[in-house]
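The values are calculated or read from the model by the stated rules, or taken from the named source; none is laboratory data. Just so we're clear, the structure is a prediction, and the values are computed from it rather than from any experiment. No Cβ is skipped: glycine too gets one built from the backbone with ideal geometry, and neighbour counts run over all protein chains shown.
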Amino acid sequence: MSEVRFTDQHEWVRLDGEEATVGITKFAAEQLGDVVFVEVPETGRKLGAGGEAAVVESVKAASEVYAPVGGEVTEGNAALAADPAKVNGDPEGEGWFFKMKIADKNEFSKLMTEAQYADFVKGL
Amino acid sequence: MLNNQGRPTAPGSAHSEELPTISGDRGLDHEEGLIFELGRPGMTGVDIPQTQISDARLGGQRRKGAIGLPGLSEPEVVRHYVRLSRKNYSIDAGLYPLGSCTMKHNPRLNEKMARLPGFSDVHPLQPQQTVQGALALISELMRWLTTLTGMHTVAMSPKAGAHGELCGLLAIRAAIEARGETRKRILVPESAHGTNPATAALAGFIVDEVPATDDGHVDADALEAKLGPDVAAIMLTNPNTCGLFEPRILEMANAVHAAGAYFYCDGANFNAIAGRVRPGDLGVDAMHINLHKTFSTPHGGGGPGAGPVVFSKALAPFAPLPLLTHDENGFRYIEHRGDLKKGENPFGRMCAFQGQMGMFVRALAYMLSHGADGIRQASEDAVLSANYILASLKDVMSAPFGEGPCMHEALFDDTFLEGTGVTTLDFAKAMIDEGYHPMTMYFPLVVHGAMLIEPTESESKESLDRFIHVLRTLALEAKAGNRTRFEGAPRLAPRRRLDETLAARKPVLRWKEPAPVPVAAAAE
Amino acid sequence: MRYHPLTQSDRAQMLAKIGAPNIDALFRDVPKEAIVGRAKFDLPDGKGELAVDRALSRLSAQSTAAGSVPFFCGAGAYRHHVPAAVDHLIQRSEFLTSYTPYQPEIAQGTLQYLYEFQTQVALLTGMEVANASMYDGSTAAAEAVLMAQRVTRRPKAILSGGVHPHYAETIETVAALQGQVVRAPVTPGEAEDIAAMIDDQTACVVVQSPDVFGLIRNLRPIADAAHAKGALLIAVCTEIVSLGLLEPPGAQGADIVAAEGQSIGNGLNFGGPYVGLFATREKFLRQMPGRLAGETVDAEGRRGYVLTLSTREQHIRREKATSNICTNSGLCCLAFTIHLSLLGEEGLTRLARLNHATASSLADRLIKIPGVELVTPSFFNEFTIRLPKPAVQIVDQLVEEENIIAGVPASRLMPNDPQAANLLIVAATETTSEDDCTAFADALAGVL
């Protein structure tokens, strides 16, 4: 059973047991335009909620990706280095950024649900 | 007699359809390969004798492999670069309305003067008694710069505007340290040039953004609320990047000083006020001057620039080495701390040597040609021309702050393109087909789809009218739903739109020898 | 004013269109007390072309041009012959008066020569990638140190004592803000033991070759020592023509090369504008400062060039940019590129040999003079001699009595170093004639 939540920084987090997978939302990917470079965190890096975790760049914009929840990185998506276009093609699937073992499930439950995020985007 | 073979002298019928040429070139537009694809081994475009040398004094470091440079004769090199030059737009060839860039006429007298041997063929470490003319020129330029700005002194060594910003902030840092304080924050308006926050970070400060008001000014109340014992300085562009003079500038400067902080002014837009307003009277403590903007040194395809920094009395002691002085023996550069006078406390050195001498000569030639009266006239004409463009276009394009007068640049946003399917980028690229360089786009960031137009004082009224006519017509066509001029524009430039995504995803940043084609494949 | 096309009648019509009564109305946001009258400016009115030409020519004549006397200064700036075609081509309007190539469709000329420049710099230095130039060699070196601090996330830069003191001071000014800069002792004519200074806080070691005294350094052992401790080697070169004859830093393990390119295509210009060369390994590409031109295709599939990877730069990254640098040395890198294209492999090799041969023969003549000693056993086109008297005294005497500019006294660069007092740094290039050398040797023998 997995559950997906969203942040106001346009990240999504999917929680499977202790492990969270993080990426940027379809909305964010569209706003950035063609993604040309992604830097994902190395395995073992400890991140606090809201800490800078990854970098995503398009031709005209660069943006930090923040850890939506605290925890330790278990894997960065190495495939993005060779093919950053995956972030545009499938932002909420193959275009995931990193996986982490989360420290506190409460942090996760405080994030927005899909419906809440949809409303949030509408309000922008 | 001259046409006895019946050579036709009338043009005859013109075919309109595009027929691909055999050569790939199109009339005056030549396709040109890379220099590395043109040469051949052993050829050279210079006559230098062969010299036999021994390895005895090379420390065992003689080059083992070839460099890989191509060999070409002089005519080939000349043709190559002439052909490349023809693929560039230039201010000499047409109006260059880039906002915040001040693309004004570059007088050729300046070029001639910069090549005088007493300026161009002197070495920075020659004995100082042999470079008195060069030092006198720098001293005279310093006098012009401090007089025009109403400031105390000027550091000449910064090599460009951003380098000048760094110089200014390092002086501020040194002044704060000399007071025994530590202040970490620099206030930067959100409309600032990107170099401002980048420089503040480089100089070790934390950037704190100040919002803009709805009318395009810096929010002076928000600024004052942010001031405190941790604020080192404010970096303000005035006139600002929306092309507006900050009306509350004196109030802001006073508040900044009262809080113990300094006022850094980004001088990129000095061309609007030179000869009419002295930044020193506005409370400025440090300001860089882009000689390649206000004082007409050529942009040269992106450089070299020059960014002297004028300082108030409060910051003057911290100006970097070297320092130019004058006494009964003439001019002299103080190059070391050991030679300083009491009270001088330079923060360091910006670069090797004394700065961009070649640019100094050009700038002084401009100043002497214009005089104080001509510089004032230039600013007035620059402001007049921008306002003329604003007044002539604001009914068909959208000017977010078009109520009052602007300074030397007119700002538009993309509201007028709403629902047309035409973007700011399309609109700008369509200008290329009309023979114009686009305006500055998507800057400043405080308005959506910004288009910032700076005509400068160098355009005649006829030239401005023609430009206005083209922009009006483009705007009306876009609004009428006629997208043909915009989609995929430009069509008539040496290249169509280039794939920047590909360039960034798979960076190819240098030519490499192509892999040899296998013999079997070549034979096929 | 010859540069202002608007007439009084144009101005009146334009004001009418704007709806402003006069020009002052357009400056209404300027506080009244800040508007200054003409009288406040103690500056002359404008002059015609002839008058400006006269005034500046008079000033020019008050300096001694290097080409007018026997001339031997180097130490970071070198007098070479620049072919006439170079100055002609860089003055073409389309190069001289164009802006940064942000609109690639109408700036392919600039973008292509930048791409050629990057390739030439990479080839010459033996590195994988180069940027489209920095302000000059000293600021390129400072940027290299900042980059090494970013890449390694370590604070300390160790500078060889052979690094040009102006470069060292430039590096200290910016790199000590958030890190630490340590200078190794100055050892004229020898390599110091810099490897012993590297520790696990060291971001980089900065070594110049040929060094400020002209000595050719062997970079390989320093590169190995740096890499063993996880630090980078930054190789500095102030005389780029030397790479026509010497092993490039890329072949000796350098991670970043920061060099002054003035010697190719650019005159002395009393210190600027020059052109900084910056090259590195491909793996550090995204940590590089400055502009980069890259190859791509246009909408019709034709090859073309654009500025790329600009998300590293200040106009996008703002306070998170790799550098605050905005301009490059555009026209100076064009001059470099054209001159190097004229030289080619063959021409550069010949030029480099001729430089070394000229300097070597001058050194031989000078050290025959009693009391003169060669300090640098190896060198390219610049060497250091030890004199029996303070070098600055000799240089002043030779200027006044013989009109010879004999070189740069080391004390000009390091006034507090007692061992520098009698050292003279002497450069000779292809512009140095046999007669110049004879005049120098005779005059030096005469004053000693």
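Tabulated data for the structure shown
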| item | result |
| --- | --- |
| Residue, modelled with the lowest pLDDT, within segment B:209-229, restricted to residues that are charged (D, E, K, R) and touching an Asp or Glu at 6+ places or on another chain (Cβ under 9 Å) | B:215 |
| Test: residue B:90 is more than 7 Å from chain C (Cβ to nearest Cβ) and in contact with a helix residue (DSSP H, G or I) (Cβ under 9 Å, 6 or more places away or on another chain) | no |
| Residues located in segment B:74-89, provided they are farther than 17 Å from residue B:25 by Cα and surrounded by 23 or more Cβ atoms within 10 Å (Cβ to Cβ) | B:77, B:89 |
| Complete set of residues in segment B:123-163 that are within 7 Å of chain C (Cβ to nearest Cβ) and touching a Cys at 6+ places or on another chain (Cβ under 7 Å) | B:123, B:125, B:126, B:159, B:160, B:161, B:162 |
| Strands (runs of 3 or more DSSP E) contained entirely in segment B:190-298, each with at least 2 residues that are touching a helix residue (DSSP H, G or I) at 6+ places or on another chain (Cβ under 9 Å) and charged (D, E, K, R) | B:206-210 |
| Helices (runs of 4 or more DSSP H) enclosed by segment C:24-111 - at least 1 residues per element that are more than 26 Å from residue B:35 (Cα to Cα) and either more than 7 Å from chain B (Cβ to nearest Cβ) or small (Gly, Ala, Ser) (or both) | C:49-60 |
| Answer residue from segment B:335-375, given it is of a type in the set (D, E, K, R) and at the interface with chain C (Cβ under 7 Å from one of its Cβ atoms) and is farthest from residue B:174 (Cα to Cα) among those | B:373 |
| 2 or more residues crowded, with 24+ Cβ neighbours inside 10 Å, in contact (Cβ under 8 Å) with a residue 60 or more places away in the chain and facing chain B (nearest Cβ under 7 Å): qualifying helices (runs of 4 or more DSSP H) within segment C:295-408 | C:330-366 |
| Qualifying residues in segment C:257-273 (those that are small (Gly, Ala, Ser) and not in a loop (DSSP other than H, G, I, E, B)) - the one nearest to the other protein chains (Cβ to nearest Cβ) | C:271 |
| Residue C:285, sole failed condition from (1) surrounded by 24 or more Cβ atoms within 10 Å (Cβ to Cβ); (2) within 9 Å of chain B (Cβ to nearest Cβ); (3) among the aliphatic types (A, V, I, L, M) | (1) |
| Test: residue in segment A:26-37 that is touching a Phe, Trp or Tyr at 6+ places or on another chain (Cβ under 8 Å) and crowded, with 17+ Cβ neighbours inside 10 Å | no |
| Verdict on residue B:33 being at the interface with another protein chain (Cβ under 7 Å from one of its Cβ atoms), assigned to a loop (DSSP other than H, G, I, E, B) and not basic (Lys, Arg) | no |
| Any chance residue A:50 is surrounded by 14 or more Cβ atoms within 10 Å (Cβ to Cβ) and on the phi > 0 side of the Ramachandran plot | yes |
| Verdict on residue B:113 being surrounded by fewer than 22 Cβ atoms within 10 Å (Cβ to Cβ), over 27 Å from residue B:197 (Cβ atoms) and either at the interface with chain C (Cβ under 9 Å from one of its Cβ atoms) or touching a strand residue (DSSP E or B) at 6+ places or on another chain (Cβ under 7 Å) (or both) | no |
| In segment C:409-434, the residues that are in a helix (DSSP H, G or I), in contact (Cβ under 8 Å) with a residue 24 or more places away in the chain and closer than 17 Å to residue C:363 by Cβ | C:410 |
| Matching residues, segment A:55-78, being closer than 22 Å to residue A:27 by Cβ and among the small types (Gly, Ala, Ser) | A:58, A:61, A:62, A:63, A:67 |
| Selected residue (only one of B:437, B:469 is out of contact with any Ser or Thr (no Cβ under 8 Å at 6 or more places or on another chain) and not in a loop (DSSP other than H, G, I, E, B)) | B:469 |
| Positions within segment C:134-146 being within 12 Å of chain B (Cβ to nearest Cβ) and either over 23 Å from residue C:200 (Cβ atoms) or in contact with a Phe, Trp or Tyr (Cβ under 8 Å, 6 or more places away or on another chain) (or both), in sequence order | C:134, C:135, C:136, C:137, C:138, C:139, C:140, C:141, C:142, C:143 |
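Yes/no matrix, rows are residues, columns are (1) more than 9 Å from chain C (Cβ to nearest Cβ); (2) without any contact (Cβ under 8 Å) to a residue 24 or more places away in the chain; (3) in contact with a Cys (Cβ under 6 Å, 6 or more places away or on another chain):
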{"position": "B:167", "(1), (2), (3)": "yes, no, no"}
{"position": "B:173", "(1), (2), (3)": "no, no, no"}
{"position": "B:182", "(1), (2), (3)": "yes, yes, no"}
{"position": "B:189", "(1), (2), (3)": "yes, no, no"}
{"position": "B:193", "(1), (2), (3)": "no, no, no"}
{"position": "B:196", "(1), (2), (3)": "no, no, no"}
{"position": "B:201", "(1), (2), (3)": "no, yes, no"}
{"position": "B:204", "(1), (2), (3)": "no, no, no"}
{"position": "B:210", "(1), (2), (3)": "yes, no, no"}
